[in-house]
């Protein structure tokens, strides 16, 4: 069987990126579900599954390098391959962050979920980040430049939500006597909530990167890249 031609390679990479993106998003969904239900067994499956995600990422990274080395693509083909490579990196980092979210589940309690999570709207923030990931992947799949811009714009709103949540937690850490919905939550647990919010913000940032890089691939325009 002959090797795929250069014109076929970017399309094949695109399909591989989308399949990888689906597996990463599934990891994120399971991590958020584990946080919402405080399910340690589900959380462990996410942490354990990160190894397989990393292995697949390395395989796809090698594929991109091989295309660049053997075919030396130019113009739109080069843009497509480089975009695929960079999007893969953003997706792998989302998977790492999902595993980190899951790793923080086990010491948490229903009281913490009902008080601290509710006070900062953690699960709601997680849903927003998850929607950004799936929309960024859909924009990449369909070539929807308008959706790319929308995802990037939504990152600013997510960042604001995360900053408000972190400010709420920091106020409680600085003044434990302050009356708050989670005034009885221990400082080390509040610090864990800060990490959860920070990781969700970073997931949104990587989703915005996927959208911005996709826009660049479609339009040869780096206006959305930061």
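The values are calculated or read from the model by the stated rules, or taken from the named source; none is laboratory data. Quantities reported herein were computed from a predicted structural model and do not represent experimental measurements. Neighbour counts are summed over all protein chains in view; Cβ atoms, including those assigned to glycine, are modelled from backbone coordinates with ideal geometry.
Return yes or no: is residue 73 over 30 Å from residue 110 (Cβ atoms), in a helix (DSSP H, G or I) and either touching a helix residue (DSSP H, G or I) at 6+ places or on another chain (Cβ under 8 Å) or modelled with pLDDT of 90 or more (or both)? No: the conditions fail for residue 73.
Residue check: residue 96 meets all listed conditions (1) in contact (Cβ under 8 Å) with a residue 60 or more places away in the chain; (2) touching a helix residue (DSSP H, G or I) at 6+ places or on another chain (Cβ under 7 Å); (3) closer than 21 Å to residue 50 by Cβ; (4) in a helix (DSSP H, G or I) but one, namely (1). Selection over region 76-85 of residues that are modelled with pLDDT of 90 or more and out of contact with any helix residue (DSSP H, G or I) (no Cβ under 6 Å at 6 or more places or on another chain) gives a count of 1. Every test in (1) surrounded by 16 or more Cβ atoms within 10 Å (Cβ to Cβ); (2) more than 21 Å from residue 32 (Cβ to Cβ) is passed by residue 153 save one, and that test is (1). If you go through region 197-226 one residue at a time, how many are in a helix (DSSP H, G or I) and farther than 15 Å from residue 160 by Cα? Number of matching residues: 13.
Is it the case that residue 59 is at pLDDT 90 or above and surrounded by fewer than 20 Cβ atoms within 10 Å (Cβ to Cβ)? Yes; evaluated as a whole, the condition is true for this residue.
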